[in-house]
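First comes the structure, then the notes that go with it.
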Amino acid sequence: MADGWCTDTGESVYRSRDAVKNLRIRVRIQRVTSTAALSQHLHQQVLSQQERGVIELDTFSSQTRAASTTDAEELVVGWQEKFFSQYEVDLYQTESNCQTPLERQYHTEIMAMERSKRRQNQRIFTYTDFDRFSKWEEQAQSLLIPAQSTPTFLAERMANVRHRRQERRPSIVHKSRLITWEPSEEFIKNSHIINTPVQTMHIMGDLGPSGKLGLKENEYILCTIKADGNGVITIKPDFNNNRGAYRLETQWEKREVWRLYLESASSDIHADEKEREQRMYRDLYTRHKDYLNSLVGQDFEMPPPGILRLIVNGEIVSAQGYEYDNLYVNFFLDLPNNWSSVPFHCLSGVTQTCCTRSVGKDVAFFSYPFSFETFFHKEDESDGSLPQWPVLYFKVLSLDFWQRYRTEGYGFLVIPSTPGYHRMTCCTWRPLQSGTVAELRRFFIGGAPELEDISYVRVPGTFKGKRLSRFGFRTQTTGSVTFTLNCIQHARAFIDASTLKKRRQTVLDQLGGHSQQGSVYNVLEAFQRAQKRMQEARETLPRDLINTSAQLNSESTA
């Protein structure tokens with residue numbers, strides 16, 4: 001008879017978009033007796049043998065039908081639906097025992113039920129989230145799991161979590177001690193509690209002998225249901241789902257065994273109601289979208305005529321090939337003439353200190369993001385000089401154990417003139433001072449030559465001469481830094497491009513008044529593309545063909 005029992009009594013978690021008030025559970029309990037077991041055994045034999053023994057089974061069933069009414073019960077329970085136990089009926093019938101408004105409401109319902117004599121349940125009843133017996137039931141004996149001698153501290157504290165109500169006024173927090181810098185063990189023990197509002201409901205069973213219902217020691221938890229505001233429903237134990245029944249065994253002298261069946265009795269939504277619900281969701285999403293559009297507005301923000309807006313969202317990805325560890329990068333953006341930025345917008349920054357990792361070679365992964373927003377406006381249209389793009393100057397430094405830094409390298413990056421995604425690796429160098437003393441100073445105390453003006457790595461913006469001489473300036477090649485840039489160019493002239501020819505013009509042409517500079521840039525870019533293609537084609541040719549062509553060229557020259 002032990003075969004066919006369901007032993008998986010763990011809880012199951014469901015997520016539902018529907019309201020939890022539509023939840024229905026069919027609960028059925030049945031006492032396992034010798035008569036019931038024999039009746040079930042005979043019934044199975046009759047089903048296997050068509051018509052043989054049908055009359056005898058019906059006669060036997062008619063004799064035991066009266067006894068089965070007290071040995072089995074089935075009830076459909078809704079979410080937070082109250083069914084009274086015999087103990088509560090006897091308690092709330094006396095009006096003097098009712099102290100709270102909820103208990104007085106229970107008294108009214110019980111008296112109306114007694115007058116109508118339409119009580120639906122005898123053994124199965126419920127404790128809702130508002131009952132005063134609910135806290136007791138958190139520690140009540142369960143038939144499905146072994147009883148513990150004493151509940152844990154966490155179980156006691158979590159039993160009180162669901163009693164928190166949303167309508168309660170928030171407690172006043174003193175602003176003098178928002179953070180406890182030195183918490184005690186008792187403070188940590190009391191504060192480390194997950195406090196999520198949860199509603200709990202217990203489906204109970206009075207498994208006492210017939211005629212002795214209403215004793216608290218005969219009440220057992222059949223099923224526990226918890227639901228929160230996020231649509232998460234926890235049921236313990238889970239529905240049977242065509243599995244065997246749960247085995248229930250009482251703790252008193254007779255040690256009776258009961259079967260427990262749990263099924264979902266929630267009605268499926270009708271097709272028209274489902275369509276109505278989907279239509280309601282679509283209307284809700286449409287209204288929310290319209291509301292967001294009203295906040296944003298329909299007018300697209302445009303810069304004034306003749307102004308190019310350049311937005312750079314970049315990232316310092318990594319640095320590799322440097323002598324020392326614990327690297328960080330200091331950078332700033334230099335704006336040439338006719339370029340400006342947003343007021344109070346920072347054009348410089350410094351990364352975090354990053355240790356290197358051996359990936360073939362020592363690499364420090366920064367993944368440091370930065371963003372710049374600049375504007376270009378050509379005031380003097382008669383000026384024939386080529387406009388310059390912003391330049392990102394950076395310096396790589398290392399930090400030692402004593403918080404002293406060393407200069408590892410200088411470099412620069414010219415912001416690309418084409419929009420889109422760009423990934424570039426920039427090599428760096430550092431000033432070199434000859435002699436052993438300089439190397440010892442760099443190793444021990446961090447002293448090393450530095451540039452007074454970091455823009456000296458390129459042609460400085462303050463230089464007005466024709467030739468910049470670096471004769472006698474000694475440098476050493478160090479590592480490299482990898483950048484990724486996402487460039488956005490925004491101008492009113494882009495919208496005015498109506499013909500295909502005008503769309504193919506450069507950014508400077510579309511801004512107006514810079515056709516000469518734009519044509520020069522086009523020629524240079526075309527030359528570089530052609531040179532690159534020629535080199536790629538030359539590399540694919542066989543070596544003997546290249547040597548033959550070189551000999552022919554030398555002979556023709558001679």
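The values are calculated or read from the model by the stated rules, or taken from the named source; none is laboratory data. Model, not experiment: these values are computed from the prediction. Glycine gets a Cβ as well: all are built from the backbone with ideal geometry, and neighbour counts include every protein chain shown. Accessible surface areas use protein heavy atoms only, side chains included; no ligands, DNA or RNA. Shrake-Rupley method; radii C 1.70, N 1.55, O 1.52, S 1.80 Å.
Miscellaneous remarks
- Qualifying residue in the stretch 20-33 (condition: on the phi < 0 side of the Ramachandran plot and at pLDDT below 80): yes
- Scanning the stretch 409-438 for residues that are within 39 Å of the chain's Cα centre (by Cα) and assigned to a strand (DSSP E or B) yields G411, F412, L413, V414, G420, Y421, H422, R423, M424, T425, C426, C427.
- Look at the stretch 427-444: where a residue is under 24 Å from V329 (Cβ atoms) and a partner is surrounded by 15 or more Cβ atoms within 10 Å (Cβ to Cβ) and of a type in the set (D, E), sitting 6+ places away or on another chain with Cβ atoms under 8 Å, you get T428/E408; R430/E408.
- Residue count for the stretch 335-361 under the criterion of being more than 35 Å from the chain's Cα centre (by Cα) and basic (K, R): the result is 0.
- Conditions (1) more than 18 Å from L392 (Cβ to Cβ); (2) of a type outside the set (F, W, Y); (3) open to solvent by 40 Å² or more (accessible area, probe 1.4 Å): number failed by E315: (1)
- Condition check for L485: touching a Pro at 6+ places or on another chain (Cβ under 9 Å), open to solvent by less than 70 Å² (accessible area, probe 1.4 Å), modelled with pLDDT under 75 and not β-branched (V, I, T): no
- Candidate set: the stretch 450-482, residues that are of a type in the set (S, T, N, Q) and surrounded by fewer than 13 Cβ atoms within 10 Å (Cβ to Cβ); chosen: the one farthest from Y393 (Cα to Cα): S469
- Candidate set: the stretch 229-273, residues that are of a type in the set (S, T, Y) and assigned to a loop (DSSP other than H, G, I, E, B); chosen: the one farthest from T200 (Cα to Cα): T250
- Close pairs from the stretch 453-470: first of a type in the set (S, T, Y), partner modelled with pLDDT under 80 and open to solvent by 80 Å² or more (accessible area, probe 1.4 Å), Cβ under 8 Å, at least 6 apart: S455/T462
- Among the residues of the stretch 113-127, those identified as under 25 Å from I25 (Cα atoms) and exposed (fewer than 12 other Cβ atoms within 10 Å of the Cβ) are K117, R118, Q120.
- Any chance L310 is modelled with pLDDT of 85 or more and more than 34 Å from the chain's Cα centre (by Cα): no
- Where T351 falls short, out of the listed (1) among the β-branched types (V, I, T); (2) more than 30 Å from A491 (Cα to Cα); (3) loosely packed, with under 15 Cβ neighbours inside 10 Å: (3)
- Where strands (runs of 3 or more DSSP E) fall entirely within the stretch 281-400, those with at least 1 residues that are farther than 30 Å from Y456 by Cα and aliphatic (A, V, I, L, M) are at 357-359.
- Selection within the stretch 335-348 - surrounded by fewer than 18 Cβ atoms within 10 Å (Cβ to Cβ) and at negative phi: P336, N337, S340, S341, V342, P343, H345, C346, L347, S348
- Against the numbered list (1) under 30 Å from F376 (Cα atoms); (2) in the same structural domain as E408 (by the TED database), D299 comes up short only at (2).
- Take the conditions (1) modelled with pLDDT of 80 or more; (2) open to solvent by 60 Å² or more (accessible area, probe 1.4 Å); (3) more than 30 Å from A491 (Cβ to Cβ); E439 misses just one of them, which is (1).
- Number of the condition not met by N293 [criteria: (1) open to solvent by less than 70 Å² (accessible area, probe 1.4 Å); (2) closer than 30 Å to I221 by Cβ]: (2)
- Exactly one residue among Y246, Y220, Y324 is aromatic (F, W, Y) and not assigned by the TED database to the domain that holds E74, and that residue is Y324.
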